[in-house]
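Below you'll find the structure, written out as structure tokens, and then a few comments.
The values are calculated or read from the model by the stated rules, or taken from the named source; none is laboratory data. None of the values given here were measured: they were computed from a predicted structure. Glycine also receives a Cβ, built like all others from the backbone with ideal geometry; neighbour counts cover every protein chain displayed.
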Ligand code: GRF
């Protein structure tokens with residue numbers, strides 16, 4: 001039996017799609033148990049419908065605080081008996097209410113090479129800073145903003161890019177590959193966190 005994955009997304013959902021594809025192609029041993037979104041018009045919902053994946057819309061305004069919203073998310077995760085939580089372009093803050101019970105089971109994809117350019121618009125920050133190489137990072141979620149232990153990264157040359165949009169476009173396929181690889185690894189072994197360092201042990 002494979003792992004049960006929850007994906008949290010606020011928009012387009014192309015990283016969500018990369019996990020769907022990884023499952024279809026037999027690379028990931030598991031299933032997407034649920035999509036959770038805070039936006040009722042997120043394109044990710046269409047992808048869930050096309051693939052028969054249950055989804056829940058949890059708009060921020062239906063909760064009194066971000067902590068209560070996180071408790072709402074936690075209830076959905078429990079209902080679907082989720083092993084791994086993937087933040088794929090989820091634009092809400094994850095709080096202690098969710099981090100503590102799912103420690104080292106929540107991962108996020110960030111469109112820059114952390115610890116450089118955390119927070120919003122990682123691609124724009126990298127472009128404006130003038131770095132020649134950027135990329136993407138999949139990391140565990142902890143209490144900080146994009147500060148958790150790093151699981152996997154891909155470096156991308158961006159020196160030829162002429163806008164922040166071009167940077168985002170160039171990095172995106174690397175995000176998809178990195179995300180698929182990490183989720184596949186999760187399904188076939190375990191990541192061990194030792195301080196800030198993460199190593200992988202495949203199942204024998
Ligand atoms: C990606 O660039 C991701 O790194 C960032 O938000 C974007 C989401 O894209 N956190 P998508 O919704 O997966 O297409």
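Okay, here's what the table says:
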| item | result |
| --- | --- |
| Candidate set: the stretch 58-67, residues that are more than 18 Å from the chain's Cα centre (by Cα) and without any contact (Cβ under 8 Å) to a residue 24 or more places away in the chain; chosen: the one surrounded by the most Cβ atoms within 10 Å (Cβ to Cβ) | 63 |
| Test: residue in the stretch 93-103 that is within 16 Å of the ligand (Cβ to nearest atom), within 15 Å of the chain's Cα centre (by Cα) and surrounded by 17 or more Cβ atoms within 10 Å (Cβ to Cβ) | yes |
| Residues within the stretch 40-57 that are surrounded by fewer than 18 Cβ atoms within 10 Å (Cβ to Cβ) and farther than 16 Å from residue 72 by Cβ, tallied | 7 |
| Matching helices (runs of 4 or more DSSP H) fully within the stretch 47-143 where at least 3 residues are in contact with a helix residue (DSSP H, G or I) (Cβ under 7 Å, 6 or more places away or on another chain) and modelled with pLDDT of 95 or more | 66-79, 122-129 |
| Identity of the residue in the stretch 6-39, within 16 Å of the ligand (Cβ to nearest atom) and assigned to a strand (DSSP E or B), that ends up surrounded by the most Cβ atoms within 10 Å (Cβ to Cβ) | 7 |
| Pairs, first without any contact (Cβ under 8 Å) to a residue 40 or more places away in the chain in the stretch 110-123, second assigned to a loop (DSSP other than H, G, I, E, B) and within 9 Å of the ligand (Cβ to nearest atom), C-beta under 8 Å, six or more apart | 118/112; 122/111; 122/112 |
